[in-house]
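The values are calculated or read from the model by the stated rules, or taken from the named source; none is laboratory data. Keep in mind it's a predicted model, so treat the numbers as computed, not measured. Neighbour counts run over all protein chains shown; Cβ positions are idealised from the backbone, glycine included. For the accessible areas, the whole protein counts, side chains as well, though only heavy atoms, and no ligand, DNA or RNA atoms are used. Shrake-Rupley method; radii C 1.70, N 1.55, O 1.52, S 1.80 Å.
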Amino acid sequence: MAKGINYVDVFWFVPNLIGYSRVLLSGVAAYSMYYEHPSVMFISYALSELLDAADGYYARKLGQCSKFGEVLDMVTDRCTTTVLLTYLAHLYPSLALVFCLLISLDISSHYMQMYSQLITGKTNHKEMDAGAHWILRAYYTDRRVLFAFCFGNEAFFLLCYLGHYLPGGGWYYLAVAFTVAAFPIFVIKNVINVVQLYESAKDLAKLDAAQINRDSAPATTSAKKPRSKI
């Protein structure tokens, strides 16, 4: 009989080890960001985002998918994006409200998506059935599409950060060119977040309506009244 595993073994799954390295790199990026070491910040943040694809790949390849790993991945994504957008609001004060709204949209859409998927019996927030919105099906069912939009969105934010520190010249204009190229991906990704937020809210409201209707329905009895005997 195969030996079972305990919860400590899950912590040592290869994809979760990759997840811990992402957390470490994100910490380095945050430190470098606030103490103004832009080159270290850029490299550590970009590596963390690239490893975002590696943890999922090895989870499927090694049969080490776990709920802990899924949540670790999502929490890391949300935290790193929030830290970067918060700092961009500091670098570009005229756009601070926009960055705050993007943080709110990112967190709320992903949390509501995860909650609505799990409460309806899905195994994770990326599982899409035939009734899901076509945009969400296209986004979540093809992992290449998912990675391209996630990485492109983060690249846009990262390039906005880097552009603030480049003094000018060739590297500056190259960064501007890549920022402009990533802008449409950023826009589409956040449109997807809006769709995700609405569709998840709709699914939860449907569950509420069905539950309220069941609770308010009159009770029916199958028992028949006894016939009187003459």
key: Note, ³J(HN,Hα) from phi for the stretch 14-19, Karplus 6.51, -1.76, 1.60, rounded to Hz, x at Gly and Pro   = 4, x, 6, 4, 4, x
task = Keeping every protein chain in place, order GLU36, GLU199, GLU127 by accessible area at 1.4 Å, biggest value first, i.e. largest first.
result = GLU36, GLU127, GLU199
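Using DSSP to call loops (not H, G, I, E or B), can you name the chymotrypsin sites (Phe, Trp or Tyr not before Pro) in the stretch 67-103 whose Cβ has at most 11 other Cβ atoms within 10 angstrom?
Those that pass, being in a loop and sparsely packed, number zero.
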query = Stokes-Einstein D for the stretch 47-147 at 37 °C, 0.692 mPa s, Kirkwood Rh over Cα pairs, in µm²/s?
reply = 216
remark   = For TYR92, the accessible surface traced by a 1.4 Å probe with all protein chains present amounts, in square angstrom to the nearest 10, to 70
J(HN,Hα) series, the stretch 136-144, from Karplus relation 6.51 cos²θ - 1.76 cosθ + 1.60, nearest Hz, glycine and proline x = 5, 5, 5, 6, 8, 7, 9, 5, 5
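Relative contact order for the chain using alpha-carbon pairs under 8 Å, separation at least 6, rounded to a whole percent?
18
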request  = Could you name the aspartates and glutamates whose alpha carbon sits less than 16 Å from that of LYS202, not counting residues in the same chain fewer than 8 places away?
outcome  = ASP129
note = Using a 1.4 Å probe on heavy atoms of the protein chains only, the accessible area for ARG137 in Å², nearest 10, reads 80
task = With springs connecting C-alpha atoms under 10 Å apart, model the chain as a Gaussian network and identify which of LYS126, LYS206, LYS189 has the largest mean-square fluctuation.
result = LYS206
ask   = How large is ³J(HN,Hα) for each residue in the stretch 196-209, as worked out from phi by the Karplus curve 6.51 cos²θ - 1.76 cosθ + 1.60 (θ = phi - 60°), to whole Hz, x for Gly and Pro?
value = 4, 5, 5, 5, 5, 4, 5, 4, 5, 5, 5, 5, 4, 4
message = If each DSSP helix of 4+ residues adds -39,500 (n - 2.57) and the sum is divided by the residues in the chain, what number results at 222 nm, nearest 500 deg cm²/dmol?
response = -27000 deg cm²/dmol
message = From Cα pairs below 8 angstrom and at least 6 apart in sequence, can you work out the relative contact order of the stretch 70-151, rounded to a whole percent?
response = 15
task = With all protein chains present, calculate the accessible area of THR82 using a 1.4 Å probe and round the result to the nearest 10 Å².
result = 40
note = Surpassing 26 Å at the alpha-carbon level, of the pairs LYS3/LYS126; LYS126/LYS189; LYS61/LYS126; LYS61/LYS206, are LYS3/LYS126; LYS61/LYS206
task = Give me the Debye-computed log₁₀ of I(q)/I(0) at q = 0.13 Å⁻¹ for the chain, equal point scatterers on Cα only, no solvent, two decimals.
result = -0.87
key: Debye log10 I(q)/I(0) for the stretch 107-230, one point scatterer per Cα, at q = 0.12, 0.15, 0.19 Å⁻¹   = -0.63, -0.80, -1.03
request  = Place the peptides 161-172, 42-53 in order of packing, highest mean first, counting for every residue the other Cβ atoms within 10 Å and averaging per peptide.
outcome  = 42-53, 161-172
key: Among ALA217, VAL195, SER116 the positive-end extreme of the charge dipole of the chain (Cβ point charges)   = ALA217
